[in-house]
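The values are calculated or read from the model by the stated rules, or taken from the named source; none is laboratory data. Treat the numbers as computed from the prediction; the structure is a model and nothing was measured. For neighbour counting, all protein chains shown are included, and Cβ atoms are generated from backbone atoms with ideal geometry for every residue, glycine included.
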Amino acid sequence: MENIMSLCKKCGNKAPASSMKLDLDEKKMICPECIKNKKLHKEIKEEVFKKDDAKKILPALSPKEDEKPVKAGHKCASCGYKFMINTETGKPKNCPYCNARVMGI
């Protein structure tokens, strides 16, 4: 038994009638390719809107690419452990290994 070919109401391509699906948004029968494209577009829209919403809601909390904290290497005077200190904030104030106070940057 042969599949009957049907026209997609969205793109106009021919596809087997058994593979056509009803698109509730457009109220049309569409082909599998249009269904795939619809899913891709929906995922892309969701990602873009999530990023835009996050930037609008939390602009102060999202770090800007240009403003990376400047860090400098430091060696603890007590134990010799090497670690990084943020030069803008001066943190950490204590050595992460032995908890000795950092005297200067």
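Any residue at all in the range 49-60 that's modelled with pLDDT of 80 or more, over 16 Å from the mean Cα position of the chain (by Cα), surrounded by fewer than 10 Cβ atoms within 10 Å (Cβ to Cβ) and not in a helix (DSSP H, G or I)?
Applying the first criterion (modelled with pLDDT of 80 or more) to the range 49-60 yields none.
Looking for residues that are modelled with pLDDT of 80 or more, over 16 Å from the mean Cα position of the chain (by Cα), surrounded by fewer than 10 Cβ atoms within 10 Å (Cβ to Cβ) and not in a helix (DSSP H, G or I), one finds none in the range 49-60, hence no.
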| note | Of the residues in the range 26-46, those that are loosely packed, with under 14 Cβ neighbours inside 10 Å and either part of a strand (DSSP E or B) or at pLDDT below 80 (or both) come to Glu26, Lys39, Leu40, His41, Lys42, Glu43, Ile44, Lys45, Glu46
| Taking the range 74-88 on its own, how many of its residues are loosely packed, with under 11 Cβ neighbours inside 10 Å and touching a residue at least 12 places away in the same chain (Cβ under 8 Å)? | 1
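Could you list all residues from the range 74-92 that are within 31 Å of the chain's Cα centre (by Cα) and either charged (D, E, K, R) or in a strand (DSSP E or B) (or both)?
Across the range 74-92, the qualifying residues are Phe83, Met84, Ile85, Asn86, Glu88, Lys91.
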